[in-house]
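See below for the structure under consideration.
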Amino acid sequence: MFPAQPEATSGDPATPANDAPGAAFGVPASPHFPKLEEGVLAYWQQDGTFQASIDNRPAGDHGSNEFVFYDGPPFANGLPHYGHLLTGYVKDIVPRYETMRGKRVERRFGWDTHGLPAELEAMRLNGIKTTDEIVEMGIAEFNEACRSSVLKYTKEWQEYVTRQARWVDFENDYKTLNPDYMESVIWAFKTLHDKGLVYEGFRVLPYCWNDETPLSNHELRMDDDVYQSRQDPAVTVGLRLNTGELALVWTTTPWTLPSNLAIMVGEDIDYVVIEAPVPGNPERIERFILAEARLGAYARELGDEPVVVERLTGAQLAGRTYTPPFSYYLGHENAFRVVTAEFVTTTDGTGLVHTAGAFGEDDKVVTDRENIEAVMPVGKDGKFTAPVNDYLGQLVFDANAPIMEHLKAATRGEGETGSVTEGTVLLRRETYDHSYPHCWRCRQPLIYKGVSSWFVAVTQFKDRMVELNEQITWTPEHIKHGQFGKWLENARDWSITRNRFWGSPVPVWKSDDEAYPRIDVYGSFEELERDFGRLPVNADGERDLHRPYVDDLVRPNPDDPRTPEEGQSMMRRVTDVLDVWFDSGSMPYAQVHYPFENRDWFENHYPGDFIVEYIGQTRGWFYTLHVLATALFDRPAFKSCISHGIVLGSDGQKMSKSLRNYPDVNEVFDRDGADAMRWFLMASPILRGGNLIVTEPGIRDGVRQVMLPLWSTWYFFSLYANAFDGGAGYEAKWSTASTDPLDRYLLAKLREFVTELQGQMDRFDIADACESTRTFLDVLTNWYVRRSRDRFWDTSAQDGAVARQAFDTLYTCLEVLTRAIAPLLPLTTEEIWRGLTGGRSVHLTDAPDPSDLPQDHALVVQMDTARAVCSAASSLRKANKLRVRLPLSDLTVVTDDAAALQEFAPIVADEVNVRQVSLQDASTAQAADYGISQQLVVNARAAGPRLGKEVQVAIRGSKSGDWSVTPDGDVTSGGIALVEGEYTLETVVAQDGDGSRATAMLPGGGFIVLDTTVTPELEQEGLARDLVRAVQQARRDAGLDVSDRISLTITGSATVFEATVTHRDLIVEETLATQFSSAPQLDALPARDDVAEATVGEGESARIKVMKIG
RNA sequence: GGGCCUAUAGCUCAGUCGGUUAGAGCGCUUCCCUGAUAAGGAAGAGGUCACUGGUUCGAAUCCAGUUAGGCCCA
């Protein structure tokens, strides 16, 4: 009996709506998939199927049989959304598939735990806003709050992931906050340092002087009102070039002028030198340089039409030197030159930009390029420090006023000038309204400021990164040399430190006295213990590399000969923590605590075989994995990568909780199920890099197109296998021995499907695999099962041998199919496969081997032709208004190899309801018979290269009929001679035919002719079939089971009566009537509830009464 | 402002090496079929392959530019 494993599902999966046709011994006609899925999930849980699927497969020597999958760790301080589910499904499908292909695939779940989001959440929960308050609260307590916030939703995550049927190991997971993980991370830092690939420098960031902390760009976008309108003073200052002119620069941050290091110009911008008097000093004529496009903006100071003395481009200006506006950094190496920069525009200002290096991101890039060392005379409180002694202790914004006063005084040659240099001129001061960033916490205006940071010198090995990228397979392909490749080519050094609290520590200890410099870098607990005499331990006495415990490790500076009493300097850790991306990029080795453990394993499992994340990770995880892999191991970190697109809400916008523009995840699980969602996401273009709009109808579509057909086939099988031999049932077996053409076709088609599917899965082409599956299911249900139905209840001939073959074939097909697509629909296939075979789990089996199935491509092609014949014939019936139940005498099929279709003639005859299917070779068909003619088709692909332009003439000739064939077989079209292979001659038929027949072309060549003559005899049989149909409907309406025997009464006109007499056997057999009577008088049956009325034949009325017997 | 991607039926998307009649699913209209299927079949309507120019005997396809949208960077 099927299902062979009734306990596979818990409870009764049948829906209440399904009581009419009756469940087939426990297999419901229309299952409630979510409930079915929960049953399977419970079974896996209790059976330990997941672990068994791994244990089943040997790892091989040095893990040669392992497929290595890296889980990109999510940050779990929120609940999972569709994006997580999407990657989760891919992260499940690929390992499941590889497992069934014989590989051992360990899957460890990973958690990303460090970083700013955790800190912000902890600050919010504790109602604090500044880093000072964190220190006040205590770093230990604060970090404890971070730790609990990032692990807050792990339980929910586990539930979601389990519900989506993703098999992943939560017991043996990795967390970036584990001491072992962090030890590997500092090992990586130290290794990079030993290779000379990390250095300390400045990083320019938005900086809040009030909270005394740099902000991330992420924080800049925190609120819409971070950018507020603000009035600032703007000054235009002339700086004295070595060639004598005054280069005019414009800035809205006068306070950066004391730190000026260079002037930037646009290479292709046109500049002019003009002569004009100095404002407030009319006798003093100077030569000024500014962009020609900006002349008009300075008409007030320079005159409407100033005398242009010289014109030159930015490129010509570059290289000149000048005297800085203030004298603090006079003599600074490489500084005070005119340099070119791409971002200089002439939309405002003067077309010359002053740069102070460490007070702007672009500025920093340019000064780095020019080897100008940044200066930083502004302290962490935003106040000036040495050597800018004139404004010492003043907040930079407050210093704007005295700075401008000093410039003005120097220009006029009177009053206090501070440290303004000789010859510097203030041309204009104005007030400027602009959108300016403010701190999202304290609302004070931010400044851009260089802060100390450690960098990975990516630029040193980026060429190697580009080379190693060639070894990676990307999906979609264009990522390789596009988004990712371009990013690599333009890679900059990576700032890896953050002046924060919750993260892996920067393992660098520095002397606290510059007089006795020393730097120590540590890469393990052991090294720390060696130098400090103890390990960093937390309050519970456990090894812990987090702050503040690691900061407690302090020791005297060995390079300082003084004694502690003499004030010996101490080695103290730099207080920064590492960028969280350093954590996640370290995941391949850190998750196994390499190199402290698992050295051998790691060496043989790196690079990983496969990763998947969304396309934005080309700048994130994909990138940091690649940087660290290249720098540390000179290998790529992964061999193959899918970067998928973005999941959008139903309105095409980003998913947003407030807009409620996407269906709730749990609602979908509860209503449609995890396999339905899996199918929806996996069959979509999102895995090719496109975007995806999540809609409820889209999800249900997959259920209707794939899951229901698959299930219905299984239901059909179980229904009739169990009903076999009067209910005794038939134990179908795995067999490919059937000689029936439909069976052979199905198995050959199945083989081709499995081959195709595996090719797609091997390429991780999941979307195409889904499409192939959908196409095959269509063949299975809408051709094979539909055309084979009567064989399944034909238990008469040869002791039911016909039915047995059909059952065995369908069993075999379902068994192979469920194994083939088990990764794509793991829950549904599990239920079916277990019901079918009684085995433990489809996921413990091997993927199907195509060679177990018969190969017969010719048969597949022929059957597909037969299907085309049926389709064309149906179209003719429709055009001639001849219903399919009305039998016709003949359908003639004329094709090139008609004999090959002989085997399928009965199938076609039955499908299109004709008495006879005549087959005729095209070569022997007489033109006169059907009004056929020949048509010339030019093969442009073949003829084009030889004929060139002439081919168009030949094509026009073939279409207009201007072509000929000589008796010798020479073909000419449009006057152009064609040679063998450049043309084909096809037989065509007039598309209409005359009154007694209808003709139609077949898509692959050939045509069909349908005899449309309706004789009285055919008319009568058609009527009888109408009656059968009406009786079947009556059976259904009466709620009878398909195998119930009935007593049948039919009444109607004389025409109806005669049909029941002539076709009594047909009616009785088709409707399982063991008692039958009919009468030539409609009213012989009264019009009552249990009597059905029907219109049959050409408008004849009939009454039908059906009664169950026994 | 820069880089990358996308633009094909009402909707969502395929479209191989450039080959002359551009496909699928969904939706719509009409008809048909139904002893598994909340189904199925057929026909029909629906296309300036975003636009402009170029290369070519021939362009949805290759090239350049334009427009619109998306992602990332600035």
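No lab work stands behind these numbers, since they all come straight from the coordinates. Here the structure is a predicted model, which means the values were calculated and not measured. Note that we place each Cβ from the backbone using ideal geometry, even for glycine, and neighbour counts take in every protein chain shown.
When only Cα pairs under 8 Å and 6 or more residues apart are kept, what is the percent relative contact order across chain A?
Taking the mean separation of contacting Cα pairs over the length of chain A, I get 11 percent.
Under a Cβ-Cβ cut-off of 13 Å, what is the net charge of the residues other than A:ILE54 that fall near it, where Lys and Arg count +1 and Asp and Glu count -1?
That sum, taken over residues with Cβ under 13 Å, equals 0.
Any of A:LYS408/A:LYS449; A:LYS364/A:LYS462; A:LYS190/A:LYS449 with alpha carbons more than 23 Å apart? Name them for me.
A:LYS408/A:LYS449; A:LYS190/A:LYS449
Using the beta-carbon distance between A:ASP921 and A:ARG1029 and R0 = 45 Å, what value does 1/(1 + (r/R0)^6) give for FRET efficiency, to the nearest 0.05?
0.75
Just to confirm the number: angle between the C-alpha axis of helix A:179-194 and the first principal axis of chain A, 0 to 90 degrees, nearest 10?
Orientation of helix A:179-194: about 60 degrees from the principal axis.
Report, by chain and number, residues whose modeled amide H sits under 5 Å from the one on A:ALA262, excluding near sequence neighbours (fewer than 5 apart, same chain).
Answer set, sorted by chain and number: A:PHE336, A:THR355.
Would you mind counting up the charge near A:TYR516? Only other residues with Cβ under 15 Å from its Cβ, with Lys and Arg at +1 and Asp and Glu at -1.
-2
Explain nothing, just compute: Karplus ³J(HN,Hα) = 6.51 cos²θ - 1.76 cosθ + 1.60, θ = phi - 60°, for every residue of the stretch A:377-388 in order, whole Hz, x for Gly and Pro.
After applying 6.51 cos²θ - 1.76 cosθ + 1.60, I find x, 10, x, 5, 8, x, 10, 5, 10, 4, x, 7 Hz.
Determine ³J(HN,Hα), in whole Hz, for all residues of the stretch A:621-632 in sequence, where each value follows from phi through the Karplus function 6.51 cos²θ - 1.76 cosθ + 1.60 and θ = phi - 60°; x replaces Gly and Pro.
5, 3, 5, 5, 4, 6, 4, 5, 4, 5, 5, 8
What FRET efficiency do you get for A:LYS639 and A:SER524 if R0 is 30 Å and r is their Cβ-Cβ distance, rounded to the nearest 0.05?
In this case the efficiency is close to 0.50.
Using only Cα atoms, tell me the angle between helix A:857-879 and the longest principal axis of chain A; keep it within 0 to 90° and round to the nearest 10.
70 degrees
Considering Cα pairs under 8 angstrom that are at least six residues apart, work out the relative contact order of the stretch A:263-341 and quote it in whole percent.
Answer for the stretch A:263-341 is 41 percent.
Placing unit charges on C-beta atoms (Lys and Arg positive, Asp and Glu negative, everything else neutral), compute the dipole magnitude of chain A about its Cα centre in debye, rounded to 20.
For chain A, the charge dipole is close to 1020 debye.
For the pair A:GLU597 and A:GLU467, how long in nm is the line joining their label points, each one 7 Å along Cα→Cβ?
3.5 nm
In whole Hz and in residue order, list the ³J(HN,Hα) couplings for the stretch A:716-721 that follow from phi through the Karplus curve 6.51 cos²θ - 1.76 cosθ + 1.60, θ = phi - 60°; x for Gly and Pro.
Calculated HN-Hα couplings, in order: 4, 4, 5, 4, 8, 5 Hz.
Once you keep just the Cα pairs under 8 angstrom separated by 6 or more residues, what percentage relative contact order results for the stretch A:111-204?
35 percent
Quick query: amide H of A:SER640 versus all other amide H atoms, modeled in the peptide plane; which residues come in under 5 Å with a sequence gap of 5 or more or a different chain?
When sequence neighbours closer than 5 places are left aside, the close amide H contacts are A:THR473, A:PHE610, A:ILE611.
Where a Cα-Cα gap under 13 Å defines reach, which aspartates and glutamates qualify for A:LYS1105, not counting those fewer than 8 residues away within the same chain?
A:ASP1037, A:ASP1083, A:ASP1089, A:ASP1090, A:GLU1093
What is the local net charge at A:GLN855, summed over the other residues whose Cβ is closer than 14 Å to its Cβ (Lys, Arg +1; Asp, Glu -1)?
Taking every Cβ under 14 Å from that of A:GLN855, the sum is -2.
Run the simple label-point estimate for A:SER327 and A:GLU136 please: 7 Å along Cα→C-beta, distance reported in nm.
Reported label-point gap for A:SER327 and A:GLU136 is 4.4 nm.
Once Lys and Arg get +1 and Asp and Glu get -1 on their Cβ, which of A:THR130, A:ALA822, A:PRO58 lies farthest toward the positive end of the dipole of chain A?
A:ALA822
Quick one: Cα centre-to-centre distance for the stretch A:1054-1100 and the stretch A:769-831, in angstrom?
35 Å
Pull out the extension gain between A:ASP701 and A:GLN45, defined as 0.36 nm times the separation in residues minus the alpha carbon to alpha carbon distance; nm, one decimal.
233.2 nm
Roughly how far apart, in whole Å, are the Cα centres of the stretch A:146-219 and the stretch A:286-315?
When both Cα centres are located, 53 Å separates them.
Report the gain in length on full extension from A:ASP552 to A:GLU950: 0.36 nm times residue separation, minus Cα-Cα distance, nm rounded to one decimal.
Result for the pair: 134.5 nm of gain on full extension.
List, in the order given, every pair from A:LYS103/A:LYS175; A:LYS35/A:LYS749; A:LYS195/A:LYS380; A:LYS383/A:LYS510 whose Cα-Cα distance in the structure shown is over 29 Å.
A:LYS35/A:LYS749; A:LYS195/A:LYS380
Where does helix A:154-163 land angle-wise versus the long Cα axis of chain A, in degrees 0 to 90, nearest 10?
That helix lies at roughly 20 degrees to the long axis.
From the P(r) of the stretch A:522-594, could you give the percentage of C-alpha pairs in the tail past 13 Å?
74 percent
What FRET efficiency comes out for A:ASN691 versus A:ASN389 if R0 is 56 angstrom and r is the Cβ-Cβ distance? Round to the nearest 0.05.
0.45
May I ask what percent, to the nearest 5, of DSSP beta bridges between residues of chain A are antiparallel?
75 percent
Ignoring everything except DSSP H segments at least 4 long, calculate the 222 nm mean residue ellipticity for chain A; use -39,500 (n - 2.57) per segment, divide by total residues, nearest 500.
Rounded to the nearest 500, it is -11000 deg cm²/dmol.
Among A:GLN231, A:ALA1024, A:TRP44, which residue has its Cα positioned farthest towards the positive end of the charge dipole of chain A, with +1 placed on the Cβ of Lys and Arg, -1 on the Cβ of Asp and Glu, and the dipole taken about the Cα centre?
Towards the positive end, the residue furthest out is A:ALA1024.
For A:SER30, enumerate residues with amide H under 5 Å from its amide H, sequence gap 5+ or separate chain, H modeled in the peptide plane.
Here A:THR15 satisfy the definition.
Please report the spacing between the Cα centers of the stretch A:42-116 and the stretch A:357-408 in Å, no decimals.
If we compute the Cα centre of each part, the gap is 52 Å.
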